[in-house]
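A.B. asks: One structure is given below, represented as structure tokens, and several questions about it will come after.
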Amino acid sequence: MFKKGNLHISMILGLTFIILMGLLMVSLQSKSIMENFEQPGEYPVSVDQPLLHDTYKVTENPGLSVNGAEQNYVNSPVFSVTSCTNNNIRYWRRPTNGFCTPPDFCGNLYTNTEPTISKSAVPPKWDNGRRVNFYESEFVSCA
């Protein structure tokens, strides 16, 4: 039979083995869930073109700029409290907003592009059916 000291050691080793296996399983599971930013975009295009080439105009010779933080901070949209405009710019002319890290990423990749603004949805006519929030709905009976 087992001695009392050996029983405690075998229980501790068994519990340690179970905890290590559990940690290993959790780490393997979390790696399959994590986002993968190693290759953004689609393969043939992302090698030759920047990521936002279909939304913003790309400069002729894209690459790093000579800008430092002192040149980029003026692109940051900070308005005074009494300003009629606000700090929530929805459609940017450039994807850079003055907070590039490192600062030489700003300024030489994209040119100013007029944003394409999608048309807003047309609301349904009033009293033309059952309305749920913004959309119309049909009544479905459960009988």
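The values are calculated or read from the model by the stated rules, or taken from the named source; none is laboratory data. Note that the structure is a prediction, hence the values are computed from the model and not measured. Reconstructed Cβ throughout: ideal geometry from the backbone, glycine too, with neighbour counts over all protein chains shown.
Yes/no matrix, rows are residues, columns are (1) at pLDDT 80 or above; (2) outside any loop (DSSP other than H, G, I, E, B); (3) within 21 Å of residue 114 (Cα to Cα); (4) among the aromatic types (Phe, Trp, Tyr):
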{"residue": "12", "(1), (2), (3), (4)": "yes, yes, no, no"}
{"residue": "15", "(1), (2), (3), (4)": "yes, yes, no, no"}
{"residue": "28", "(1), (2), (3), (4)": "no, yes, no, no"}
{"residue": "41", "(1), (2), (3), (4)": "no, no, no, no"}
{"residue": "50", "(1), (2), (3), (4)": "yes, no, yes, no"}
{"residue": "53", "(1), (2), (3), (4)": "yes, no, yes, no"}
{"residue": "61", "(1), (2), (3), (4)": "yes, no, yes, no"}
{"residue": "79", "(1), (2), (3), (4)": "no, no, no, yes"}
{"residue": "87", "(1), (2), (3), (4)": "no, no, yes, no"}
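A.B. asks: Does residue 119 fit the bill of being among the basic types (Lys, Arg) and modelled with pLDDT of 80 or more? Walk me through it before giving the result.
C.D. replies: Details: among the basic types (Lys, Arg): yes; modelled with pLDDT of 80 or more: yes.
It is true that residue 119 is among the basic types (Lys, Arg) and modelled with pLDDT of 80 or more.
A.B. asks: With the structure loaded, tell me whether residue 94 is in contact with a helix residue (DSSP H, G or I) (Cβ under 8 Å, 6 or more places away or on another chain), basic (Lys, Arg) and either at pLDDT 80 or above or exposed (fewer than 13 other Cβ atoms within 10 Å of the Cβ) (or both) or whether it fails that test. Full working, then the answer.
C.D. replies: On the way: in contact with a helix residue (DSSP H, G or I) (Cβ under 8 Å, 6 or more places away or on another chain): yes; basic (Lys, Arg): yes; either at pLDDT 80 or above or exposed (fewer than 13 other Cβ atoms within 10 Å of the Cβ) (or both): yes.
It is true that residue 94 is in contact with a helix residue (DSSP H, G or I) (Cβ under 8 Å, 6 or more places away or on another chain), basic (Lys, Arg) and either at pLDDT 80 or above or exposed (fewer than 13 other Cβ atoms within 10 Å of the Cβ) (or both).
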